[in-house]
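J.: Structure incoming, see below.
Bear in mind that the values in this text are calculations on the coordinates, not laboratory data. Keep in mind that what you see is a predicted model, and the values were worked out from it rather than measured. For neighbour counting, all protein chains shown are included, and Cβ atoms are generated from backbone atoms with ideal geometry for every residue, glycine included.
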Amino acid sequence: MLDIVGNVLSFSFYEGLVFGLVAIGVYLTLRVLAFPDLTVDGSYTLGGATTAVLIVNGVHPFPATLAAIGVGLCAGLVTGLLNTKLRLPALLAGILMMVGLYSINLRVMGGANVSLLRQVTAFDKVAEVLGLSHGSIVVSITVALAIAAVVFFILNWFLRTEIGLALRATGDNEQMVRSLGVDTDKNVLMGCAIANGLVGLAGAVVAQGQGFADVGMGIGMIVMGLASVIIGEALFRPRGMARLLLAAIGGAFCYRLFITIALRLGMAPGDLKLITAVLVVIALAVPFIRKKLRHEWIPPAVRW
């Protein structure tokens, strides 16, 4: 029994760290920029597909993983350009990119999937350094923890700089920031690029961990990221940038833990989308119910 609990917790911890990158990306666009970006579903697959193809063609796994950040940055940049230059609504720009990236991902992989089962991945390289067996959960957690820690410290520093504060202010009050002479379009471009770069990195790590990249691997990533952010905010009530980033990762861990437990209990994989929807509804309903019980004023629902 203890072994099963340990396996569930360790695997959920690994997935929470990896998918925490997606949650942070969604947090940057949705909460920081107030930009509902649906590019996530496509940029996640693009990152995994790019890394898989590069590794198959003999590129070292570490540069191949970094390349996923680059293609994710480009995808987010295009979404931002559609919004800032062509004045397309943020939601429509994200949908168009998500649809377009599906075909691009097929072109990148040259088919529906790319196998990495006989290729040397970043996990294999780390296993050699640590002297552990390939496929060990310790290796997976080590890689995911190292990446998550680097991303956390860089973002925590960046969002406290002058540029980062301007980025955060753009989402809070764009008109005020413009009145101060700040180019908010550049902030939107930068925020979308950084967010999708993180999502592409997550796709690269997952593709190497599961041994393949698939054109459908990104379906539902935006919902998963949104669920992680909402669960993290509801459970941890974060204050301050560092705690907000940690809450996104913690929310991803809780979300993946719920999913893993549901699968262990024998629930069909096809029901996972229903579980996700129920979790999001519960996480959103808890703050609303608390305010109702305290007889606080509740503003109308936001409509984009």
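J.: Could you pull out the trypsin sites (Lys or Arg not before Pro) across the stretch 109-161 that fall in loop regions by DSSP (anything but H, G, I, E, B) with no more than 16 other Cβ atoms inside 10 Å?
T.: Working: sites: ARG118, LYS125, ARG160; in loops: ARG118, ARG160.
Taking the stretch 109-161 and a limit of 16 other Cβ atoms within 10 Å, the loop trypsin sites (Lys or Arg not before Pro) found are ARG118, ARG160.
J.: Something else: Please give the contour-minus-distance gain from LEU9 to ILE104: 0.36 nm per residue of separation, less the Cα-Cα distance, rounded to one decimal in nm.
T.: Values: separation 95, 0.36 × 95 = 34.20 nm, distance 3.59 nm.
Between LEU9 and ILE104, full extension yields an extra 30.6 nm.
J.: Another one. For the residue pair VAL129 and ALA149, what label-to-label distance in nm results when each label sits 7 Å from Cα along the Cα-to-beta-carbon direction?
T.: The answer from the label model is 1.1 nm.
J.: For PHE212, enumerate residues with amide H under 5 Å from its amide H, sequence gap 5+ or separate chain, H modeled in the peptide plane.
T.: Placed amide hydrogens put LEU116 under 5 Å from PHE212.
J.: Would you mind counting up the charge near ALA64? Only other residues with Cβ under 14 Å from its Cβ, with Lys and Arg at +1 and Asp and Glu at -1.
T.: 0
J.: Another question, then. Could you please rank TRP157, TRP297, placing first whichever residue has the fewest other Cβ atoms within 10 Å of its Cβ?
T.: Details: TRP157 12, TRP297 5.
Fewest-to-most Cβ neighbours within 10 Å comes out as TRP297, TRP157.
J.: For each of LEU30, LEU201, count neighbouring Cβ atoms within 10 Å of the residue's Cβ, then give the residues from fewest to most. Please report the intermediate quantities before stating the final value.
T.: Working: LEU30 20, LEU201 29.
The most exposed by this proxy come first: LEU30, LEU201.
J.: Which helices pass in the chain if a helix is a full DSSP H run, must span at least 30 angstrom along its long axis by Cα, and must have mean Kyte-Doolittle hydropathy not below 0.5?
T.: Numbers: long enough: 2-27 (34 Å, 1.50); 61-84 (34 Å, 1.42); 137-158 (31 Å, 2.56); 184-210 (39 Å, 0.81); 241-264 (35 Å, 1.47); 272-293 (31 Å, 1.77).
Passing helices, by number: 2-27, 61-84, 137-158, 184-210, 241-264, 272-293.
J.: Pop a pseudo-label 7 angstrom from the Cα along the beta-carbon direction at both ALA277 and VAL59 and give the gap in nm to one decimal.
T.: Roughly 3.8 nm, to one decimal.
J.: Right, here's the next one. Determine ³J(HN,Hα), in whole Hz, for all residues of the stretch 173-179 in sequence, where each value follows from phi through the Karplus function 6.51 cos²θ - 1.76 cosθ + 1.60 and θ = phi - 60°; x replaces Gly and Pro.
T.: 7, 5, 5, 5, 4, 5, 5
J.: Something else about it: Once you list every other residue whose beta carbon is under 15 Å from the beta carbon of VAL215, what net charge do they have if Lys and Arg are +1 and Asp and Glu are -1?
T.: Details: positive: ARG107; negative: ASP41, ASP214.
Here the charged neighbours net out to -1.
J.: Give the order of TYR255, TYR14 when sorted by the count of other beta carbons within 10 angstrom, beginning with the fewest. Please list the in-between numbers first.
T.: Values: TYR255 29, TYR14 23.
By the 10 Å Cβ count, ascending: TYR14, TYR255.
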